1. Output yes when any residue across segment 110-118 is out of contact with any Leu (no Cβ under 8 Å at 6 or more places or on another chain), open to solvent by 60 Å² or more (accessible area, probe 1.4 Å) and not in a loop (DSSP other than H, G, I, E, B), and no when none is.
2. Identify, from the list 4, 21, 31, the residue that is farther than 22 Å from residue 118 by Cβ and within 15 Å of the chain's Cα centre (by Cα).
3. Quick check on segment 119-146: of everything there that is of a type in the set (Gly, Ala, Ser) and more than 20 Å from residue 24 (Cβ to Cβ), which residue is most open to solvent (accessible area, probe 1.4 Å)?
4. What number of residues within segment 1-21 are open to solvent by less than 40 Å² (accessible area, probe 1.4 Å) and either polar (S, T, N, Q) or under 17 Å from residue 67 (Cβ atoms) (or both)?
5. So if I check each of 81, 88, which one is under 19 Å from residue 130 (Cα atoms), of a type in the set (Asp, Glu) and in contact (Cβ under 8 Å) with a residue 24 or more places away in the chain?
6. What number of residues within segment 115-161 are out of contact with any Lys or Arg (no Cβ under 7 Å at 6 or more places or on another chain), among the charged types (D, E, K, R) and farther than 24 Å from residue 5 by Cα?
7. Does residue 95 count as modelled with pLDDT under 95, more than 27 Å from residue 132 (Cβ to Cβ) and open to solvent by 40 Å² or more (accessible area, probe 1.4 Å)?
8. For residues in segment 61-82 being under 21 Å from residue 111 (Cα atoms) and among the aromatic types (Phe, Trp, Tyr), which is surrounded by the most Cβ atoms within 10 Å (Cβ to Cβ)?
Amino acid sequence: MRSRAVAPLLPALAGADGAVRALEPSAGIGRFPSAFAAHAPKVPAIRWQAVEYSKLSATLLQALFPDLPVFVGPFERWVADNDDERFDLVVANPPYGERGPAKTEDPDRSYRLPVDNAYAYFLRRTLDLLAPNGLGVLVIPSAFLTGTASEQIELRKLVLRRHHLAAAFRLPSGVFAGASARP
């Protein structure tokens with residue numbers, strides 16, 4: 001994700017206090033908050049809420065960003081306690097694969113459909129946490145827009161009936177191949 005593409009949009013997202021409330025629901029070690037920090041002071045202050053499932057990654061994240069509030073545990077558990085929260089900006093590279101046992105922790109059972117996969121849940125749930133006129137930036141499979149399987153079509157309908165798609169960009173094939181092999 002190129003934060004420089006999103007940075008010019010941030011002033012319009014700022015609240016009355018001049019800050020942008022932002023959510024990173026699968027924060028890892030904080031690559032997105034770090035990317036946006038590179039644009040300071042040219043952009044409004046960003047008040048992040050980070051959620052990270054892995055205790056190790058959350059510990060590293062807190063060491064790198066001591067002032068960043070980090071919830072350690074499944075995103076579903078954070079949602080259960082914060083469903084009334086709304087954010088001006090959501091930035092995420094959601095997990096992929098099947099959802100684990102935490103899927104039952106979201107009190108809203110409708111988020112279990114149409115498929116039991118993590119990216120679909122994160123996509124729907126995070127976008128529904130946006131404030132009016134908020135911006136969601138997520139790295140998701142191209143099948144979201146082009147897939148023809150019934151579960152892909154149903155997911156697309158669920159999301160696009162509630163949210164406006166401003167832009168979609170396809171990353172080059174193999175962009176993540178060998179990423180862990182870099183020196």
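1. yes
2. Details: 4 fails: within 15 Å of the chain's Cα centre (by Cα); 31 fails: farther than 22 Å from residue 118 by Cβ.
Selected residue: 21, the only one of 4, 21, 31 that is farther than 22 Å from residue 118 by Cβ and within 15 Å of the chain's Cα centre (by Cα).
3. Of all residues in segment 119-146, those of a type in the set (Gly, Ala, Ser) come to 120, 131, 134, 136, 142-143.
Now narrow it down to the ones that are more than 20 Å from residue 24 (Cβ to Cβ): 142-143.
Values: 142: 57, 143: 27 Å².
Going through the qualifying residues, I end up with 142.
4. First, the residues of segment 1-21 that are open to solvent by less than 40 Å² (accessible area, probe 1.4 Å): 3, 6-7, 10, 13-15, 18-20.
When the remaining residues are screened for being either polar (S, T, N, Q) or under 17 Å from residue 67 (Cβ atoms) (or both), the result is 3, 19-20.
Here the count works out to 3.
5. On inspection, the qualifying residue turns out to be 88.
6. Qualifying residue count, segment 115-161: 5.
7. Details: modelled with pLDDT under 95: yes; more than 27 Å from residue 132 (Cβ to Cβ): yes; open to solvent by 40 Å² or more (accessible area, probe 1.4 Å): yes.
In short, yes.
8. Residue satisfying both the conditions and the ranking: 75.
The values are calculated or read from the model by the stated rules, or taken from the named source; none is laboratory data. The structure displayed is predicted, hence computed values, not measured ones. So basically every Cβ, Gly included, is an ideal-geometry build from the backbone, and we count neighbours across all protein chains shown. The accessibility values were calculated without ligands, DNA or RNA, using every heavy atom of the protein model including side chains. Shrake-Rupley method; radii C 1.70, N 1.55, O 1.52, S 1.80 Å.
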